[in-house]
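Just so it is clear, none of the values below were taken in a lab; they were calculated from the coordinates. These numbers were taken from a predicted model, which means no experiment stands behind them. A quick note on method: Cβ atoms are made from the backbone with ideal geometry, for glycine too, and the neighbour counts reach across all protein chains shown.
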Amino acid sequence: MKSLLFIALAFHSLFSFEYNLVPKKINNQIYCFFGKPQIMDTHNNGNITNSCFVDLGKSYLVIDSGPSYKYARDAHKAMRSIKNQKVSYVINTHIHDDHWLGNGYYKENGATIIGAKIFANTPNATPIRMQQFISKEAFDKTKEVFPTKHIEGVQTLNLQGVDVELTSYDKTIHTDNDMIVFIPSQSAVFAGDLVFNERVLSLRDGNINNWIDALNEIDAKKSKFIIGGHGSLYLSDSTKMTKRYLEAIKEFVLESIEMGLDITDTLANSRMSEFEHLKLYEEMHTKNIETAYRTLEWGDE
């Protein structure tokens, strides 16, 4: 009898998992689900990134579909409780899988998936991290579904009467092909992982110089809202933490190189009290210093 009860509970758990997402209203047209400043695990089940909905009038545009099929399903369910309409378009800002593994849900429901040109060259069997770190229940029905429309350079799409400017960067910033979304009518930039706040960013795949330049370009748009890929700040000053952190790392590393310190000595003295209060400082900071050193030691400025 106990065995039957256990099986029944396990079966129920498999199909009843919910992310319980709560949308944050940015303005009358924009809502976002802000992820937790954590590393993905079986407790948050990948709910560590931001996913935003823009009301186009008769349907929604989604910027970054999240870490799983069920995340996307739950996000759309929450949005339908505000305004019951379908999702017609999904934009993926970059290749890291916590931002696009919800594509399958939206594609299944008829949405057009748009992404940077890197997705055009992505193999059909790309290894993904998410399945290794979140629960089987949360990952259920999640598949690799890539964008079918790819953006190069700067392109403006008219989506149901709303102009959406997409900038696909042909240089390494956070990844080797990031994309930002600018909606002039809403004075809103969706910056993907070019903007972090409340937690330390990851320079692992990035280039510190290009990243600082990109942030200056984003700030130059003078938008009312700048919404990043991680962190719940969304007003025009939301770029400050990312920029200040990168500039501080660059200054520190260049001074170390000028003094003739090797990477070992640089890392040994790399603590920065200004940023120790941020989430994931211990996990990310030393790795970021090492990446920046290897970039800057060859004069990559």
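Model label points for residue 42 and residue 282, set 7 angstrom from Cα along the Cα-to-Cβ axis, are 2.2 nm apart. Rg then Dmax, both in Å and based on the Cα atoms of region 87-240: 15.4, 43. Taking the C-alpha atoms only, the angle from helix 69-80 to the longest principal axis of the chain is near 70 degrees. Which listed residue (189, 92, 106) has the Cα farthest towards the positive end of the charge dipole for region 61-204, taking +1 on Lys and Arg C-beta and -1 on Asp and Glu C-beta about the Cα centre? Among 189, 92, 106, the one farthest towards the positive end of the dipole of region 61-204 is 106. For helix 240-258, what angle does its Cα long axis make with the longest principal axis of the chain, in degrees from 0 to 90 and rounded to 10? The helix 240-258 is inclined about 30 degrees to the chain. The dipole here belongs to the chain: it is taken about the Cα centre, uses +1 on the Cβ of Lys and Arg and -1 on the Cβ of Asp and Glu, and is about 1800 debye.
Given the options 142, 122, 49, state which has the largest fluctuation in a GNM of the chain using a 10 Å cut-off (strictly under) for Cα springs. The residue with the greatest mean-square fluctuation here is 122. Take 97-108, 36-47, 155-166, 263-274 and order them by the average number of nearby Cβ atoms within 10 Å per residue, most first; the result is 97-108, 36-47, 155-166, 263-274.
What full-extension length gain, to one decimal in nm, is calculated for residue 273 and residue 109 as 0.36 nm per residue of separation minus the Cα-Cα distance? Write out the running numbers ahead of the final one.
Working: separation 164, 0.36 × 164 = 59.04 nm, distance 4.76 nm.
Extra length available between residue 273 and residue 109 comes to 54.3 nm.
In this simple spin-label model, placing a label point 7 Å from the Cα along the Cα-to-Cβ direction at both residue 172 and residue 143 gives a separation of 3.4 nm. Take the Cβ atoms of residue 80 and residue 294, set R0 to 51 Å, and the FRET efficiency comes out at 0.60.
Pairs to check: 107/136; 86/107; 77/107; 243/279; 117/141. Give those whose C-alpha atoms are more than 19 Å from each other in this structure.
On the way: 107/136 21 Å; 86/107 11 Å; 77/107 15 Å; 243/279 16 Å; 117/141 26 Å.
Over 19 Å apart, Cα to Cα: 107/136; 117/141.
By DSSP, what percent of the beta bridges with both residues in the chain are antiparallel, rounded to the nearest 5? Each step should come with its number before you reach the end.
Numbers: 25 of 43 bridges.
Once the DSSP bridges in the chain are tallied, antiparallel ones form about 60 percent.
Across region 1-153, the convex hull enclosing all Cα atoms gives 130 Å³ per residue. Under 12 Å from the Cα of residue 287, which aspartates and glutamates turn up, not counting those fewer than eight places away in the same chain? Partners within reach: 205.
Classify the chain as rounded, prolate or oblate, taking a ≥ b ≥ c as the square roots of the eigenvalues of its Cα gyration tensor: rounded when a/c is under 1.5, otherwise prolate if a/b is larger than b/c and oblate if not. Intermediate results must be reported in sequence, preceding the final value.
Numbers: a/c = 1.93, a/b = 1.33, b/c = 1.45.
Cα axes put the chain in the oblate bin.
Considering only 121, 78, 17, and ranking their Cα positions along the charge dipole of region 1-153 that arises from unit charges at the beta-carbon of Lys, Arg, Asp and Glu, the one farthest toward the positive end is 78.
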